[in-house]
Amino acid sequence: MQGAPVTRKGSPWYDPKIRGYVYQALLIGAVVYIGYAMISNVSQNLARQRIPFGLDFWDTQAGFDINQALFPYTARSSYGDAFWVGLLNTLLVAAFGIIFATILGFLVGIARLSKNWIVAKAAMVYVEVIRNLPLLLQLLFWYKAVLEPLPRPRDSIAIPGGALLNNRGLYVPEPVFGAGAGLIGAAFLLAVFGSIAFYVWAKQQQAATGRIYPIGWVSLGALIGLPALAYVVTGGAISFNYPAMGGLNVRGGITVYPEFIALLLGLTTYTAGFIAEVVRAGILAVSKGQWEAADSLGLPYSRTLSNVVIPQALRVIIPPLTSNYLNLTKNSSLAVVIGYPDLAQVFLGTVLNQTGRAIEIVGITMAVYLTISLLTSAFMNYYNQRMALVER
Amino acid sequence: MNVSANASAYVQAQSLPQLPAPSSTKGPVHWMRANLFASPANTLLTLVALYLIATTVPALFKFYVFDAVWSGAGRDSCLSDKVGREVGACWAFVGDRLQYFIYGSYTQAERWRVNLVFLGFGISIVWLLWDKAPFKSVGFLFFFGILPISAWMLLYGGARAEFWFLMAGFALLAWSIWGDLSAARKGEADVFTRPESLLRYGILAAMLLFGLYVQFGPGELPVVETGLWGGILVTLLIASAGIVCSLPFGIALALGRRSKLPIIKLFSVVFIEFVRGVPLITVLFMANVMLPLFVPQEWSPDRLLRPLIGVALFASAYMAEVVRGGLQAIPRGQYEGAMSLGIGYGKMMRLIVLPQALRIVIPGIVNTFIGLFKDTTLVTIIGIFDFMKTIEASFADPLWATPTTRATGYAFAAIFYFICCWGMSRYSISVEKKLAAGQKR
C-alpha cells in the first residue's frame, strides 16, 4: 500500500456506483411523476364529478341497518359506527375461525399420518378437495345449498341443549345473570388462573423429578367444578333464556345468523385444509429417531405425539400457521358474497355505494387489513426469535 | 456325534417345501389387521370412518348419478312430480346452459374466435409445460408475446384492435430480427436458418398475414364489447393475464428486493408487503373504483380491464416472493463466479442466476398460479361474468328453476375448478420429484 490515489479509467457510466445513483434517481423521478399525475387526475376527476374529498362523511347518519352488531347500532348511527361494527364483525369471525380451523386442521393433519389406512385416506381426500376448490364456491355452497334449504322457523330443528336451528339462523340459549352471578364469574377466573399455576408447577415438577401430573384432568375438573360449585352455592344465579316459538318466528335466546354460520363454516373448513398440510409437514420434519427414541422408552402413541413430536414440530409449524391465520382474516372479506356484515361488506360495499367516496373508503379498508397483517407478522418475527433453535 | 446321512431314519434327507406365510403376517387379513384394526381405538376410528363414508358416498352417487336427469328441455324434466320419480341432479340444465358457461353472452356467430384463442392457449400450455416439447424459447415468445396480443385482437375485433395488433406484430418481428442479427454479428452461424428461428418467423408471419388479411381483406372483424364476454373465457383470460404479467413483474420485484440499491429495494419491499397485506377484494375494489379516478377521463379503463390490472398487481407481489425464494437458494459462488468473469448485472441474472433460480421454484410458481386461478372467482364481486358468476346467474333463470338446479350447478363448478387445480398441483408435484431426482445425483 503506497497510498497512491486510485485512478479510474473509462467512462463514469461504467462505474457501478454512479449507475446505481442514476437508476435510483430515475426510479424516484418516475414515482414522483406518477404520484403527481395521479393526484392531479384525482382532483380533476373529483371536481368534475362533484365528489368532495375528506372524512366529513364519518359522522353522517348512515341510514341503513345491520342485523349483527356487537354494540348498539341502528339506522340512525353514523358511518363511523358502521365502520366499527364491520371491523368488530371481521375480528369476531376471524377469532372463531382461527380457533376452529386450528383444532380441525391439527386433527386432519395428524389423521393424514395415521397408521389407520382408511382414516389417512379420508383425511387426504378432505385436504385435496378443500384445497382445490375456490373459497367463494365453498361459501356459496354452505350458504345457499346447506343453510338456505333448512326448514322454516315453524319447523325448526331442535338441537339437544335447547338450541333451535332453522333457515333464519341458529338460536342458542341466552344466559341471564341474576344476583350473585359475579361469584360464578370469579370462580371461573379462579379456576383459569389456578389451572395455569398448576400447569407451571406440574411442568417444573416434571422437569425436576420426572413425575407426570394429570394436568388435563385437573384443569378440566377445576374449570367445570369451581363454577358449578359456585352455581350451587349461589342457588342458581345464572339462568338461561331458552329460545321458543312465538308466532311466526323464534323468540328469545341469542341469534346466530346464517351468514355468520356459513362464513365460519367455510373459513374453518377451508383454512383447516391448509393447516392440515402445514401440520403434516411439521410432523414429518421431526426426525425419525425422535419417534424411535420415544417408542424405546415405552411412551404410548398419544404421549409421544404430545410430549415429543409436536413440541419439536411446532417450531416448523408456527410460521406458516401464522400466515394461514392471516389468510383466514383476509379471506373473511369474502363475506361480501353472502352478505355477512363484515368490514368489506359494510364499509367497502354499502358505505361506498351510499357515499361514493372511493378513495377514502378503499384506503381506510386497506389500511385496516394492512395493520392487522403487519401486527401479525411483527408478532411472528418476535415468536420466531424466541423459538429459534439456539445453536452453539 | 454320530449323525451322518445314512444313520437314522428320523433325519430328514431333503428339505421340505416352504409353507405359505401364516395369514397373520401376509395377505389381506394381515393388511386389514395392521392398517384397520391394529388396536381398539384404531378399530373404533375405522368403524366411525366407515359409517361416515357409508352415509355420504352412496347418497352422493344416488343424487348425482343414479337419480340424475341427463337430458331434457326445461324445468319440467327435472321436477319429480312431473317425471314421476325421485329426481337428483339436473344435468340437463348444465347441458342446456353449457354454451353460456363457456362463452358468456359472446355473440353467437363470432364464437369461432373464442375457440381459436382456446386452441392457441391449449397449444402454448402443452408447449410450455411438457418437458420434452421442442423449441421452448419460441414457446415462451408465443405465450408471453404473440398469444396475448392475438387473443385481444381476435376477441375484441374492430379496426383499432387490428391496427395495434399489426403494429405489435411488426414490433415483435423487428425485435426478433434484431436479436438474430446481433447474434450473427457475434459469429453464431445459421441464426436465420436453424429450425427454431424458422418456426419463430413462421408464427410471426402467420400472425402478420392474418392481421393484414383482416385489415385489408373483405371485412373487418366486428367488435364484441367486453361486457358480453363471460364464462370460462373470462376465467381463463383473467388467470392467464395474471400469469403473463405476474412472472415478469414478479421477477423484477424480486430482483429489486434483493438489490443493493437502497431506494429500489425500499420501493420493492413496500409494494410487495403492501399488496400481500391486503385482501384481493380490496385490490379489486381499488382497481374498479379508484383506478378510473387516477387516470385522465378519456383513458378510463374498460370494465373488464380493471380487474385484470388488479389481479396482475396482486399476483406479481406473490410471485415476487416465490422468485425471491429461488434467488436466495442460489449459492453465492454462482454470483461470484459470474462477477469474476466480468459479466454485468443484467447478463449475470439473465444467463446464470435466473435460469437456475426459476427452475427450482417451478413448483412454487405453479402453486401461486393455483391460488390465482381460484382467486379469479372473486371478480364476481365487482360484477364481472366469470365462470362462477355465469353459473350463479343461471339459477335466476325461471326456465330451469328446480329444487336441484343449484346443487347441480355448484357440483359442475366444483368439478371444473377441481380438475384444473388438481391437475396443476399434480404437475407441480411431478416437477418437484424430477428436480429432487436431479439434486440427489
- Message: Taking the Kirkwood radius as the inverse of the mean 1/r across Cα pairs, report the Rg/Rh of the stretch B:52-140.
- Response: 1.22
- Task: Measure nothing but the geometry: give the 0 to 90° angle between the long axis through the Cα atoms of B:362-375 and the longest principal axis through the Cα atoms of chain B, rounded to 10°.
- Result: 70
- Task: Please list the helices of chain A that count as membrane-span-like by this rule: a mean Kyte-Doolittle hydropathy of at least 1.0 together with Cα atoms stretching 30 Å or more along the helix axis, each helix being a complete DSSP H run.
- Result: A:79-112, A:181-209, A:258-285
- Message: Can you give the log10 of the normalised intensity I(q)/I(0) at q = 0.06, 0.10, 0.14 Å⁻¹, computed with Debye over equal Cα scatterers of chain B?
- Response: -0.41, -0.93, -1.45
- Message: From the Cα trace of chain A, what convex hull volume per residue do you get, rounded to a whole Å³?
- Response: 293
- For the protein assembly as shown, treating each Cα as an identical point scatterer without solvent, what Debye log10 I(q)/I(0) comes out at q = 0.06, 0.08 1/Å? -0.53, -0.92
- Label points 7 Å out from Cα along the Cβ direction at residue B:399 and residue B:19: separation in nm? 7.3
- Message: What does the structure give for B:371-383 when I average, per residue, the other chain Cβ atoms found within 10 Å of the residue Cβ?
- Response: 4
- Query: Going highest first, how would you order A:261-270, B:173-182 by mean Cβ packing within 10 Å?
  - Reply: A:261-270, B:173-182
- Query: Among A:165, A:370, A:104, whose mean-square fluctuation peaks in a Gaussian network model of chain A (Cα, cutoff 10 Å)?
  - Reply: A:370
- Which whole number gives the average, over all residues in A:108-120, of C-beta atoms from other chains lying within 10 Å of the residue C-beta? 4
- Note on the structure: For chain B, cysteines with no other Cys Cβ under 4.7 Å from their own Cβ are listed as B:245, B:420, B:421
- Query: Using r as the Cβ-Cβ distance of residue A:287 and residue B:225, and R0 as 60 Å, what FRET efficiency do you calculate, to the nearest 0.05?
  - Reply: 0.50
- Task: Once you've got the GNM for chain A with C-alpha springs shorter than 10 Å, pick whichever of A:13, A:201, A:142 has the biggest mean-square fluctuation.
- Result: A:13
- Item | Whole-number accessible area per residue in Å² for the protein assembly as shown, which is evaluated in the context of all protein chains at 1.4 Å | 54
- Note on the structure: The percentage of the accessible area of the stretch B:379-441 (probe 1.4 Å, all protein chains present) made up of carbon and sulfur atoms, to the nearest whole number, is 67
- Nitroxide proxy distance, nm - points 7 Å out along Cα→Cβ at residue B:99 and residue A:383: 5.4
- In what sequence, highest mean first, do A:213-220, B:40-47 appear when ranked by Cβ atoms within 10 angstrom? B:40-47, A:213-220
- Query: Cα centroids of the stretch B:315-363 and the stretch B:33-112: how far apart, whole angstrom?
  - Reply: 47
- Please give the peptides A:354-362, B:30-38 ranked by average Cβ packing (other Cβ atoms within 10 Å per residue), highest first, as a rough proxy for protection. A:354-362, B:30-38
- Query: To the nearest whole number, what is the average tally of beta carbon atoms from other chains within 10 Å of the beta carbons of peptide B:270-283?
  - Reply: 6
- Filter on B:136/B:433; B:136/B:186; B:136/B:389 - keep pairs with C-alpha separation over 31 Å: B:136/B:389
- q = 0.14, 0.22, 0.30 Å⁻¹, the stretch A:191-251: log10 I(q)/I(0) [Debye, one scatterer per Cα]: -0.59, -0.86, -1.12
- Query: Using the reciprocal of the averaged 1/r over all distinct C-alpha pairs, how large is the Kirkwood radius of the stretch B:359-425 in Å?
  - Reply: 13.5
- In this structure, among A:115/B:132; B:62/B:82; A:17/A:330, pairs with alpha-carbon gaps over 30 Å are A:115/B:132; A:17/A:330
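The values are calculated or read from the model by the stated rules, or taken from the named source; none is laboratory data. All figures in this text were calculated on a predicted structure; none of them were measured in a lab. Here the Cβ is made from the backbone with ideal geometry for all residues, glycine too, and neighbour counts use every protein chain on show. Protein only, heavy atoms only, side chains kept; ligands, DNA and RNA dropped before computing areas. Shrake-Rupley method; radii C 1.70, N 1.55, O 1.52, S 1.80 Å.
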